[in-house]
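To start, the structure under review is shown below, and the notes come after it.
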Amino acid sequence: MPRKKPFSVKQKKKQLQDKRERKRGLQDGLRSSSNSRSGSRERREEQTDTSDGESVTQQIRRLNQQPPQGLGPRGFDPNRYRLHFERDSREEVEKRKRAAREQVLQPVSAEMLELDIQEVYQPGSVLDFPRRPPWRYEMSKEQLMSQEERSFQEYLGKIHGAYTSEKLSYFEHNLETWRQLWRVLEMSDIVLLITDVRHPVVNFPPALYEYVTGELGLALVLVLNKVDLAPPALVVAWKHYFHQHFPQLHIVLFTSFPRDPRIPQDHSGVLKRSRRRGRGWARALGPEQLLRACEAITAGKVDLSSWREKIARDVAGAAWGSASGEDEEEDDGPAVLVEQQTDSAMEPAGPAQERYKDGVVTIGCVGFPNVGKSSLINGLVGRKVVSVSRTPGHTRYFQTYFLTPSVKLCDCPGLIFPSLLPRQLQVLAGIYPIAQIQEPYTAVGYLAARVPVQALLHLRHPEAEDPVAEHPWCAWDICEAWAEKRGYKTAKAARNDVYRAANSLLRLALDGRLSLCFHPPGYLDQKGTWESHPETTELVVLQGRVGPAGDEEEEEEEEELSSSCEEEGEEDRDADEEGEGDEDTPTSVPGSSLASRNPYTMLGEDEC
């Protein structure tokens, strides 16, 4: 009897769906009617050439593709807003795999963690974002769409003509997603640019800043999100860095998951965070700061008293829930009006000439994938109203939510702007879906050169007979050692599953349990100043961090970090593959002493 092949639950589900479709006689109809819009667009893309005579869009890889099932009468395309990145050649993938096996990892100096925005985006270059071309009301919809597509192809041609594919980072090649950004900017009175505080210059395109504050004349609020995953001194340093280089910014510190006093905490300050959904939205840190920023921008033109009253109710409710030991439920709280956006939202419409129309301020939330845009909206509302995921591209079209009768929030899909960032760092930042990476080993090597992964996870070299002896490590060795420690084996030959181990390490980095924090230029020279800064002391109190720990406690905490990884179940892997789970839920908050000395030891303990 032949041996059975491994068959996943997703494959079984797809098989049953296809079987039902065949029974209903819909299979032929789906093939003929599905993706009519994207099919014609792809045919036009294949005929569009760059100045070099080579098609740019023919080499596009479409990520997170979904089966075209359940199409409605309008031919809804489930892949219309999916991520489109330039495809890596097979030779490039094989080259990186060989490098992961052969190159010995060398720890980089602390100065290499300093990241300047000039190096990433080169302001004034062609690394811009596509603008909506001029249009007239007399133009038909087909003429407008054709004009936008031609303009977008010219935009791609300029970028690919100025930089090689090896130097360019991954950036969005899907025009439909950029159209979502255009519409959100046109309808907004205030724009929130959400960034991850661990690497904010990665998520801050200067071209967008110049466009919003200059051409549109709107106020731009920079939200440094996930401040519980970085040392307080580093957060304050980044805040002052952006104030210095971009003086028109309003800067707000935010996290949707601050420290909860109800969660058990050991002596070293490592929190044991529950993974149950729907907890802690009303305890978000930052809504008060955002309200003050919006009050300063509107200057009394909009009545925001209802927003202030809502924040007071949320704080009182969170305090009552903390005292009573009860958790919030998903359906608690007043109803939130949600406006479902359809194709009619993409009809021709220029920037709003009237600000704060009907006494309502519209706040647009834009930013890269996985920076926490949807979680920020949930934190402002006080409960879950927006689906969140760690998989980039989960939010596919913008929606608006009335926070109060005078405050409307608009959630925009995550957009990746062109830059000169290393692609390995983009993977670690959650911009590229981890489950679809062709070669994850160099990203692990990039992480291990900046974070002591071997020491934190207590890995043993796979070729070491004597555990005490020193052996040179490469990225492949780290993945193999982690697979051996976690018991990751291939289905047929029972070898160490290094690909699964590499993905597991990247998820730990994305979740903040092996967190890689970058510094603003000159941070090390002024580190003492930032640690003693008054704003740092205030942030320590807000984050609920513990006092200094001794060396003995620090060693015990590192043991806790390693054991928590060993006890981690399969929930993270399944959630990432299925597109579920909170996109930016931190699983731990480190002690202030350990975080200040080693900001990367942020492994928490899950309750699986």
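The values are calculated or read from the model by the stated rules, or taken from the named source; none is laboratory data. Note that this is a predicted model, so its numbers are computed, not measured. Note that we place each Cβ from the backbone using ideal geometry, even for glycine, and neighbour counts take in every protein chain shown.
Annotations
- Against the list (1) surrounded by fewer than 18 Cβ atoms within 10 Å (Cβ to Cβ); (2) more than 25 Å from Gly217 (Cβ to Cβ), the condition Phe171 fails is (1).
- Figure legend. Inter-residue proximity from segment 456-474: first residues more than 19 Å from Glu102 (Cβ to Cβ), second residues of a type in the set (Ser, Thr, Tyr) and at pLDDT 75 or above, beta-carbon distance below 7 Å, spacing 6+ or different chains. No pairs are indicated.
- From the options Arg82, Arg101, Arg61, residue that is farther than 30 Å from Leu16 by Cα and at pLDDT 80 or above: Arg101
- Note on segment 173-192: residues that are closer than 23 Å to Leu376 by Cα and among the acidic types (Asp, Glu) total 2.
- Tally, over segment 475-524, of residues that are in contact (Cβ under 8 Å) with a residue 12 or more places away in the chain and of a type in the set (Val, Ile, Thr): 2
- For segment 454-478, the set of residues classified as buried (at least 24 other Cβ atoms within 10 Å of the Cβ) and hydrophobic (A, V, I, L, M, F, W, C) consists of Ala475, Ile478, listed by residue number.
- Screening Gln153, Gln180, Gln147 for residues that are touching a residue at least 12 places away in the same chain (Cβ under 8 Å), out of contact with any Gly (no Cβ under 9 Å at 6 or more places or on another chain) and closer than 30 Å to Glu91 by Cα leaves exactly one candidate, Gln153.
- Long-range neighbours under 9 Å by Cβ, at least six apart or interchain, first residue among the basic types (Lys, Arg) within segment 251-264, second modelled with pLDDT under 50: Arg259/Gln265; Arg259/Leu271; Arg259/Val589; Arg262/Gly325; Arg262/Asp327
- Residues in segment 423-457 that are within 27 Å of Asn64 (Cβ to Cβ) and either in a loop (DSSP other than H, G, I, E, B) or among the aromatic types (Phe, Trp, Tyr) (or both): Ala429, Gly430, Ile431, Tyr432, Pro433, Ile437, Gln438, Glu439, Pro440, Tyr441, Tyr446.
- Test: residue in segment 158-166 that is over 21 Å from Ala293 (Cα atoms), modelled with pLDDT under 90 and charged (D, E, K, R): yes
- Any hit, segment 197-219, residues being free of Cβ contacts under 8 Å to residues at least 24 places away in the same chain, closer than 26 Å to Ala299 by Cα, outside any helix (DSSP H, G or I) and out of contact with any strand residue (DSSP E or B) (no Cβ under 7 Å at 6 or more places or on another chain): yes
- Checking Gly372, Gly393 one by one, the residue that is at pLDDT 80 or above and on the phi > 0 side of the Ramachandran plot is Gly372 and no other.
- Taken as a whole, the condition of being touching an Asp or Glu at 6+ places or on another chain (Cβ under 7 Å) and either modelled with pLDDT of 90 or more or not basic (Lys, Arg) (or both) applies to Val93.
- Of all the numbered requirements in (1) within 30 Å of Thr195 (Cβ to Cβ); (2) in contact with a helix residue (DSSP H, G or I) (Cβ under 8 Å, 6 or more places away or on another chain); (3) of a type outside the set (D, E, K, R), Gln436 misses one, and that requirement is (2).
- Yes/no for Leu514 being modelled with pLDDT of 85 or more, touching a helix residue (DSSP H, G or I) at 6+ places or on another chain (Cβ under 7 Å) and not β-branched (Val, Ile, Thr): yes
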